[in-house]
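Only one structure is covered here, and it is reproduced in the block below.
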Amino acid sequence: MEQLFGSQVEDPADTRERRRVERAVFETDRQLIEGDLTLPPAGYQSRFSDSLNRGEFEFVPLTNVKVTSVQDGAVTEIPFLVLAKTAIRIAYPLAQ
């Protein structure tokens, strides 16, 4: 495959090393959502606020998500969730 694509093919292990995961909380009108947000390790677009302010994306992808209902406190855990930025009322990174 390297013969076909040359240096265009990236090793997934290399990609993971160039990323960092930050745990964050997002509050919507109906849910409190806590999940892992993947960010670049440093530099351009590496801050938590950068990921929310990027105009070209309308959604925030999260992994290892815990969704808590504001109404009844029911908790659901799911491996992946795509959150619409328009639904977010408050967002903040969790201290680690």
*Between residues in segment 43-61 that are part of a strand (DSSP E or B) and residues that are surrounded by 12 or more Cβ atoms within 10 Å (Cβ to Cβ), which pairs lie under 6 Å by C-beta distance while being six or more apart or on different chains?*
VAL60/LEU83
*Could you list, in sequence order, the residues of segment 63-96 that are among the hydrophobic types (A, V, I, L, M, F, W, C) and in a strand (DSSP E or B)?*
VAL65, VAL67, VAL75, ILE78, PHE80, LEU81, VAL82, LEU83, ALA84, ILE90, ALA91
*Top-ranked residue in segment 81-96 [being surrounded by fewer than 11 Cβ atoms within 10 Å (Cβ to Cβ) and free of Cβ contacts under 8 Å to residues at least 60 places away in the same chain; ranked as farthest from GLU22 (Cα to Cα)]*: THR86
*Specify the residue that is modelled with the highest pLDDT; the eligible residues are those in segment 40-80 that are hydrophobic (A, V, I, L, M, F, W, C), within 14 Å of THR28 (Cα to Cα) and within 15 Å of the chain's Cα centre (by Cα).*
VAL67
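Small (Gly, Ala, Ser) and modelled with pLDDT of 95 or more: does that describe ALA95? Break it down into steps so the answer makes sense when it comes.
Numbers: small (Gly, Ala, Ser): yes; modelled with pLDDT of 95 or more: no.
Spelling it out, it is not the case that ALA95 is small (Gly, Ala, Ser) and modelled with pLDDT of 95 or more.
The values are calculated or read from the model by the stated rules, or taken from the named source; none is laboratory data. Small disclaimer: the values here were computed from a predicted structure and weren't measured. Because the Cβ atoms are built from the backbone with ideal geometry, glycine has one as well, and the counts that use them run over all protein chains shown.
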